[in-house]
Amino acid sequence: MNKKIRLDIQGLRALAVGAVVIEHAFPHALSGGYVGVDIFFVISGFLISSIISRDIENSNFSIVEFYRRRLKRIAPALFFITILTIISGYFLLGPKAYTELAKTTLSTLLFSSNFTFYSLTGYFDGSATLKPLLHTWSLAVEEQFYIFFPAFMLLSWKRFGPQKTQLLTIIIAITSLVFAIFLRNYSTNAAYYMLPARAFELLIGVFLGLGGIPETNNKKILHATSLIGLIVILATFFLFTPATPTPGIASIAPCIGAALIIYSGGAAKKQDSFESFGGKILSLRPLVHIGLISYSLYLWHWPVLAIIRNITDISLQISHGIIAIILSIIAAHISFYFIEKPFLELNDKKFSIFNISAIISLLIGLVCAIIIFNNGIPSRFSSTAQDIFSTADDYNKQRSNCHWSGSGEPIPYKNSCIFGAAGVIPDIAVWGDSHGAELSIYLGERAANVNRSVKQITSSACPPAIGFTLKERPFCALGNQQTLEAITADKSIHTVILTINSDRYKNINQLADGIEKTVLALNLSHKNVILVKQIPIMSFDPPEKIGIMHHYDFEVDKVGIKKATISQDSILMDASIDTIAEKIAKAKPSLFTRIETYDPKSILCGPTKCLAYIDRVGVLYFNSDHLSINGVRAAFKPLADKIF
């Protein structure tokens, strides 16, 4: 082992990548494993700033040389994984997913995939866990940082000197942290994916690499800092959850933990034959080895998990998760020993990493362009499989005009879309979150047959619950109040159908209270109310999975989820809906109206399973948690028969 290599940092890398891999494979086993990425940022900032400051002090720093070394380090393995992912996708991804893979591959090569994945967060973009290159967002953030950082270091060091450069680093880091906190209030996804909200994590490492913390020879302090750092990191792995507000104040914990370990190890290394307690633990041979292959393991684990999820379920079985981790470790070893290491050891005088990278990028880009231009090459599949894939487009095409996406202010009641017989004033309103959008189309079809019409009042992640507040939907509460006032005043509306995707919301009790207030107000205004219970949420992308299964001659008429896996929140909300209907009906606030419930699971589910595909009907969902129009026709026919 090269003596210049810090074994404790390799062990820290192993902790970081191990936590990320385990959390991605088994989210409930290590809920805070995602902070491994934060730790990687700290390590990266420390190492790069240490190298650059040393070179500047020795008057031999070259920005070109910096990028040459950086490219040699990251490009070969990245090219390898993108090429093999594209090849795998040819056989295992449908046209839409394959087109998206090609687009995200291009952005990965341009180190801009964080922008791409930030933009792919809508209802029609599929689950994030199914995107094979999603994890490259962190590489993009890191490389974007290094576009600016070397020049900043060079100019600041020469103009202000080391100490003022340290001060500037602190100021920029604090600014980044404050911005992250601010941005989270408006867009958690933007805060998660964007460099300005992540820079403070890299800058914590930079500050350490610039010698911002004075070294000490006190062995007790070094032992203590190393152990405290290790304990803090391990605690965040288990105590943090997806709901923890990161990046932000909470992110300081794993970052400071990593910084303490790096600091204690650096000071200890300068003392002969001394190693801190934490450093000894992290220098154990298995950890050092995992740290050595950590970059390749990070690159490989997510595509393997995504591909397996694409062909099985989003929620992996334990056996599938274990297989994915084993395959990732094997692939990481192959990648490290046959790709990473040989390129790092190549004689720079005999080849140019810039030229080779440019040529490979152009070739991969050409392949991606062909895939995109040919819409994912659907000719790979049979015509029946292509028809199945196309059901991903079987949604309300008027969503952009008739459905509030959550951006800006809600659609005014008077501008709500009407479906059914032309020129006929609607007597039915579908009011709900996105689960009401396709229902509006189907009920409009049925209404047209009897010279009636239906009004659509739907908003993404905005249930029709009075007083229910959502941080990410600041206009939702006000919009619901305005809708309630308008709909109760609208004498032409006789029946209101309420739809709620209860799986989307966390505070079920508050949600139920809000729904009860809505139902009571509608009933007092002499409106009939129909409360729609939760549809089953699939643990996979139905058009994608069923299309692939059909292509490879697997049985598709039993594709679905086990009824026992329906979420507890859904069960609680369904029970609350029954309670609300019974309570208000018993109170009889209006003698002339009725309150009913409708459960689409009566059609979609059998005794033990809820289906995503029914023979002679077809695919029932356009994504994992929204029924397609075809699915709505099947699931809501009994309700429509009763209304019309």
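The values are calculated or read from the model by the stated rules, or taken from the named source; none is laboratory data. Computed from a prediction, not measured in an experiment: that's the story for all the values here. Note that we place each Cβ from the backbone using ideal geometry, even for glycine, and neighbour counts take in every protein chain shown. The area values use the complete protein model at the heavy-atom level, side chains included, leaving out ligands, DNA and RNA. Shrake-Rupley method; radii C 1.70, N 1.55, O 1.52, S 1.80 Å.
A straight chain from Ile370 to Tyr186 at 0.36 nm per residue would run longer than the Cα-Cα distance by 62.5 nm.
Report note on the peptides 519-532, 425-438: ranked by the mean count of other C-beta atoms within 10 Å, highest first, their order is 425-438, 519-532.
Can you give me the Rg/Rh ratio for region 305-370, using Cα atoms for both radii and the Kirkwood formula for Rh? Write down the numbers at each step before the final one.
Numbers: Rg = 17.3 Å, Rh = 14.9 Å.
Using only Cα positions, Rg/Rh for region 305-370 is 1.16.
Pair-distance distribution P(r) for region 302-455, from all Cα-Cα distances in 10 Å bins starting at 0: 8, 18, 20, 22, 16, 10, 5, 1, 0 percent. As a fraction of the 1.4 Å probe accessible area of region 417-494, surface on carbon and sulfur atoms comes out at 56 percent. Using Cβ-Cβ distances only, list the Cys residues of the chain with no partner cysteine under 4.7 Å, sorted by number. Here Cys255, Cys368 come out as lacking a disulfide-compatible partner, given the Cβ-Cβ threshold of under 4.7 Å. Relative to the longest principal axis of the C-alpha atoms of the chain, give the angle of the C-alpha long axis of helix 508-524, reported between 0 and 90° and rounded to the nearest 10°. For 508-524 against the chain, the angle is about 30 degrees. The magnitude of the dipole of region 407-552, with charges of +1 and -1 set on the Cβ of Lys/Arg and Asp/Glu and taken from the Cα centre, is near 200 debye.
Computed in the context of the full set of protein chains, the accessible area of region 1-76 at 1.4 Å probe radius has 58% of its extent on carbon or sulfur.
Over the residues of the chain, the helix contribution to mean residue ellipticity at 222 nm works out to -18500 deg cm²/dmol, using -39500 (n - 2.57) for each DSSP H run of at least 4. P(r) tail for region 183-234: Cα pairs beyond 18 Å make up 57% of the total. In degrees from 0 to 90, rounded to the nearest 10, what is the angle of the helix 199-209 Cα long axis to the longest principal axis of the chain? Compared with the principal axis, the helix lies near 20 degrees.
Since only Ile546, Gly560, Thr608 are under comparison, the one whose Cα sits farthest along the positive direction of the charge dipole of region 537-621, derived from C-beta charges on Lys, Arg, Asp and Glu, is Thr608. Overall size of the chain from C-alpha positions, given as principal axis extents largest first: 89, 50, 43 Å.
Counted residue by residue at 0.36 nm each, then reduced by the alpha carbon distance between them, the extension gain from Phe338 to Arg616 reaches 95.0 nm. Pairs with C-alpha atoms separated by more than 22 Å, drawn from the list Lys397/Lys517; Lys455/Lys609; Lys131/Lys601; Lys414/Lys586; Lys533/Lys637, are Lys397/Lys517; Lys455/Lys609; Lys131/Lys601; Lys414/Lys586. Put one equal scatterer on each alpha carbon of region 578-628, apply the Debye formula with no solvent term, and list log10 I(q)/I(0) at q = 0.21, 0.22, 0.23 1/Å to two decimals. Per q value, in the given order, log10 I(q)/I(0) is -0.78, -0.81, -0.84.
Estimated at 0.36 nm per residue, the fully extended path between Ile147 and Ile228 surpasses their Cα-Cα distance by 25.8 nm. Using the reciprocal of the averaged 1/r over all distinct C-alpha pairs, how large is the Kirkwood radius of region 529-604 in Å? Its Kirkwood hydrodynamic radius stands at 15.0 Å. With q set to 0.12, 0.17 Å⁻¹, the log10 of I(q)/I(0) for region 61-162, from the Debye formula over equal scatterers at the Cα positions, is -0.50, -0.81. Each of Ile249, Phe46, Asn218 was placed along the dipole of the chain (beta-carbon charges, centred on the mean Cα), and the one lying farthest toward the positive end is Asn218.
Surface composition of region 299-413: carbon and sulfur make up 65 percent of the accessible area, probe 1.4 Å.
About its Cα centre, what dipole magnitude does the chain give when the only charges are +1 on Lys and Arg Cβ and -1 on Asp and Glu Cβ, stated in debye to the nearest 20?
The calculated dipole for the chain is roughly 1040 debye.
Here the 3J(HN,Hα) profile of region 568-579, calculated from phi with Karplus coefficients 6.51, -1.76 and 1.60 at θ = phi - 60°, is 5, 4, 5, 5, 5, 5, 4, 5, 5, 4, 4, 5 Hz, Gly and Pro shown as x. Rolling a 1.4 angstrom probe over the protein heavy atoms with all chains in place gives the chain an accessible area of 44 Å² per residue. Across the options Ile308, Asn630, Gly479, the greatest Cα extent toward the positive end of the charge dipole of the chain (unit charges at beta carbon of Lys, Arg, Asp, Glu) belongs to Ile308.
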